[in-house]
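What follows is a set of notes on a single structure, which appears directly below.
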């Protein structure tokens with residue numbers, strides 16, 4: 001027998017128990033982290049602790065996320081469009097990402113009011129710690145489209161009384177206890193970016209579940225690196241709903257809870273297994289900076305390149321505007337720009353880029369790589385190469401959707417940027 005909505009929750013007692021157990025685990029782990037003496041943890045560990053605590057904060061918001069997802073599902077199934085607006089980096093993160101929604105559209109600041117319909121849904125993001133133009137925000141507040149706003153309470157725009165069509169999701173700034181290195185504004189910006197991404201992908205997870213309670217399936221992207229000939233991409237690009245699938249419903253908070261479990265698991269793995277290498281990377285970069293040696297960065301993926309040059313960005317890189325190249329193009333850039341004594345940091349994606357590392361080492365440079373694939377034996381043995389494992393799967397997406405051919409909700413930006421900013425915090429803190 002089919003059923004939909006929250007009235008069917010009693011049909012999934014095991015799933016509900018799993019979510020409750022996950023919540024209890026977050027609380028216990030949070031107490032364990034908080035019990036560590038503040039003076040014994042370095043900036044990288046404090047940063048990662050803050051991100052782990054942030055997962056618990058999002059978990060506490062799951063009821064609100066699920067309610068907003070139910071409202072959004074009703075709008076979309078009534079013919080509405082799904083729009084992305086706000087922080088450019090967050091728009092880039094949710095648009096076209098492996099595991100993301102194929103039907104999500106980017107909302108233009110200039111034409112926001114004219115483009116929105118009564119049944120449309122807008123995902124709005126605002127870090128709330130830097131001034132931003134108020135034009136599109138005012139249009140969204142005064143319009144009729146459903147707006148799901150993600151912002152910390154420090155944002156003045158959300159302190160006012162919001163209209164009924166705006167659902168505000170508080171994203172707490174996970175400032176670690178004690179100084180994290182650098183100016184306070186740096187600490188705030190760097191802290192909130194992975195958290196904001198995690199909160200919005202948790203909403204997407206709940207939205208997938210909400211639509212399934214109406215026996216419909218939102219179309220989800222497969223990573224183009226896992227899609228020979230991009231056949232699936234061509235089929236689903238721009239598609240909001242799969243036309244023929246009629247999946248069984250899933251309870252509220254199940255998909256969101258499962259995604260947060262994966263986020264927390266990745267962060268815990270980084271904290272427990274990668275801290276020595278993160279600290280070593282910070283030491284390499286700090287010494288190079290102190291010696292006035294050149295440090296270059298290659299930032300790949302949707303979100304990371306957009307954050308370069310923004311308030312809070314690390315200022316010790318020789319290329320403040322990072323490159324975003326891989327494969328043969330990355331090797332060519334290295335040969336044209338690197339020299340002996342340089343350091344090259346790659347925040348990569350699904351390939352280990354061993355050939356790029358080899359090209360850099362041949363010129364006498366050192367390399368720090370953060371990618372989802374381990375280096376080959378030659379690079380792993382090379383003392384000039386330092387590999388930090390961000391602990392996300394090659395598929396990037398991690399959420400299994402029963403009866404569907406791909407997973408949803410990616411981890412790469414959340415875990416990769418946590419590694420990257422933890423390294424930057426180490427550099428800031430060293431003399």
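Only the coordinates and a few stated rules stand behind these numbers; no lab work does. Remember, predicted model here, so these are calculated numbers, not experimental data. Reconstructed Cβ throughout: ideal geometry from the backbone, glycine too, with neighbour counts over all protein chains shown.
Could you run the Debye sum over the Cα atoms of the stretch 275-389, one equal point scatterer each and no solvent, and tell me log10 of I(q)/I(0) at q = 0.14, 0.15 Å⁻¹, two decimals?
-0.51, -0.60
With 10 angstrom as the radius, rank 120, 313 by how many other C-beta atoms surround their C-beta, starting from the fewest.
Numbers: 120 22, 313 15.
Ranking 120, 313 by Cβ neighbours within 10 Å, fewest first, gives 313, 120.
Tell me the relative contact order for the stretch 275-389 as a rounded percent, counting alpha carbon contacts under 8 Å between residues six or more apart.
On the way: 188 pairs, mean separation 28.5, N = 115.
This gives 25 percent for the stretch 275-389.
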